[in-house]
Each structure stands twice: as C-alpha cells, then as structure tokens.
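Shown next, in structure tokens, is the structure this report addresses.
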Amino acid sequence: ECQTDLVYPDHYFKCDAIPAWAPQVRQYIQETYRDPNTTVASVADHFQLTPTYCSKVYREIYGIRMLEEIQRLRLAEAKRLLQGTDSIRSIAEKAGFPSTLTMSRAFKRYEAALPSSFRGQADRKTDI
C-alpha cells in the first residue's frame, strides 16, 4: 500500500507513490537514534526490508541517506547536550554514538570541528 498525499519539498518518489512504510521508518529512526545499535541494517530488518532497498527508497523520498539522517539526529542531540557539563564520553553514549571516536568523526564530517571545540563555541554564543 502506498501513500500519495505526503509532500516533501524538492524531493519526490519516482513512481509518484510513497510506500506506507516510509514515514514509519522515519518515525522509527527518530524514536531510536539514541540507541547505538540503530543502523541502516537494523532499521531495515525491523521493517523486514533489505538495507539496500530501504535505504534507496528512503533517499529518493527524503533526499537524505538513512545513515546521514541517523548521524544528524545524533549530532543535534550531542550539540544540545554539549550546552551542559556532561563529559564527552557521556554525551556520546546519550546521543547514541557507539563511541567517542565515532562521535568525533561525525562532528568533523558535518560540523568541521571536534565536539570539545563545539562546546567552546556554544559557550561563547550563550555569553553574547
């Protein structure tokens, strides 16, 4: 069964129909990204889909790779937590990163900074 009433700016599903599972996958990612075991494979498995198919359709609909969506949600949570005084290790765990190294790599890739540098930037922004 497909849904055709959903509109996603700048992106469309090639067959003009959005599979009913797609919004459920997105919601599931938003609910489980804090679990370090949440991966493209685990999400696809939850919905009894192959990772390749699930990821391909997800990208066609939402214009973002599933892994990137998971990483961006984790980064947003980590940035929020960096406003506080938790350790980098604790923040990585709470945000769903499997390790501090994984979180650092994600920060470098998407923010061009290390988490510790971002904490400093966030602190300076609140002082202004």
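The values are calculated or read from the model by the stated rules, or taken from the named source; none is laboratory data. This one's a predicted model, so the numbers in the text were calculated from it and none came from an experiment. For neighbour counting, all protein chains shown are included, and Cβ atoms are generated from backbone atoms with ideal geometry for every residue, glycine included. Ligands, DNA and RNA are excluded from the accessible area calculation, which covers all protein heavy atoms including side chains. Shrake-Rupley method; radii C 1.70, N 1.55, O 1.52, S 1.80 Å.
Out of the residues in the range 61-99 meeting the condition of being in contact with a strand residue (DSSP E or B) (Cβ under 7 Å, 6 or more places away or on another chain) and not in a loop (DSSP other than H, G, I, E, B), tell me which one is least open to solvent (accessible area, probe 1.4 Å).
Kept after step one, since they are in contact with a strand residue (DSSP E or B) (Cβ under 7 Å, 6 or more places away or on another chain), are these residues of the range 61-99: 61-63.
Okay, now just the ones that are also not in a loop (DSSP other than H, G, I, E, B), so 61-62.
Numbers: I61: 2, Y62: 19 Å².
This residue is I61.
Are any residues in the range 36-60 over 11 Å from the mean Cα position of the chain (by Cα) and not in a helix (DSSP H, G or I), and if so, which ones?
The first filter runs over the range 36-60 and keeps only residues over 11 Å from the mean Cα position of the chain (by Cα), leaving 36-37, 41-60.
If the condition is that a residue be over 11 Å from the mean Cα position of the chain (by Cα) and not in a helix (DSSP H, G or I), then P36, N37, F47, Q48, L49, T50 are the ones that fit.
Yes or no, residue by residue, for (1) modelled with pLDDT of 90 or more; (2) in contact with an Asp or Glu (Cβ under 6 Å, 6 or more places away or on another chain); (3) farther than 14 Å from Y33 by Cβ:
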residue: R59; (1), (2), (3): yes, no, yes
residue: L73; (1), (2), (3): yes, no, no
residue: K79; (1), (2), (3): yes, no, no
residue: G84; (1), (2), (3): no, no, yes
residue: R105; (1), (2), (3): yes, no, yes
residue: K108; (1), (2), (3): yes, no, yes
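Return yes or no: is Y28 in a helix (DSSP H, G or I), out of contact with any Gly (no Cβ under 7 Å at 6 or more places or on another chain) and loosely packed, with under 15 Cβ neighbours inside 10 Å?
no
Any idea how many residues of the range 73-114 are of a type in the set (D, E) and farther than 25 Å from R26 by Cβ?
Pass one, the range 73-114, residues of a type in the set (D, E): 77, 86, 93, 111.
Checking which are farther than 25 Å from R26 by Cβ leaves us with 86.
Selection size over the range 73-114: 1.
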